[in-house]
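Step one of this worksheet: look at the structure below.
The values are calculated or read from the model by the stated rules, or taken from the named source; none is laboratory data. No experiment lies behind these values; they were computed from the predicted model shown. Here Cβ is always computed from backbone atoms with ideal geometry, including for glycine, and neighbour counts include all displayed protein chains.
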């Protein structure tokens, strides 16, 4: 695997779109990579205006690794739509990180903003910090969030994690905000901390596991207990208001 390295030199003064994936640099020289365009507000500028660029490119996206060093909180769309290869960010990332992914691996060594992994259909995302709202969810007006692949967040996540989720898996090692798994119809979410109000609202399928505190809504009925990872979990089935067949599971205590 060949590695292309970008080191942030100048942060954007307004939000910028970094539509950079392994496929977008295949076969390019470093000079050609430097000329790739970045939308900086409403103005188009070059990648070289923000980054020092070194390393080499591969002949296929699956053989390309991109390492980006610096705080990318002001850059949206890092890894958006990637189909293969690897992107590693040593810092934070902005909106839409890993959204619409089809394959490959995105690792962010800090926090990510809203819509990380939105509507993704493959690949793996690892966030070593926390994540904003709508992790793995659907865009407004859409009825299909994440359908495949995996997301792991080592910190906490915001509201509507897994909204309209149809498949794949999300693991959160911290807490989750309100409306965890809202409109979920498939896949699995495992939160190791607490979940906010309205977990599983309008859920019709899939499984939500919460190791900490969670208060299933009255539209969920109690099911049979089940062993998960050598621990007995209570099962709540619903959302019956939607004729749903989803599950919320939490450890049996006492």
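Within segment 117-146, which residues are more than 18 Å from residue 85 (Cα to Cα) and in contact with a strand residue (DSSP E or B) (Cβ under 6 Å, 6 or more places away or on another chain)?
131, 135, 136
Looking at 167, 181, 162, 158, which one is over 11 Å from the mean Cα position of the chain (by Cα) and within 26 Å of residue 253 (Cβ to Cβ)?
181
I need the full set of residues from segment 21-37 which are over 18 Å from residue 106 (Cβ atoms), in a helix (DSSP H, G or I) and in contact (Cβ under 8 Å) with a residue 24 or more places away in the chain, in order please.
Correct list: 30, 33.
Can you pull out every residue in segment 38-56 that is in contact with a strand residue (DSSP E or B) (Cβ under 6 Å, 6 or more places away or on another chain) and in contact (Cβ under 8 Å) with a residue 40 or more places away in the chain?
Passing the criteria: 47, 51, 52, 53, 54, 55, 56.
Listed residues 201, 244; which is crowded, with 21+ Cβ neighbours inside 10 Å, modelled with pLDDT under 95 and assigned to a loop (DSSP other than H, G, I, E, B)?
Testing whether each residue is crowded, with 21+ Cβ neighbours inside 10 Å, modelled with pLDDT under 95 and assigned to a loop (DSSP other than H, G, I, E, B) leaves just 244.
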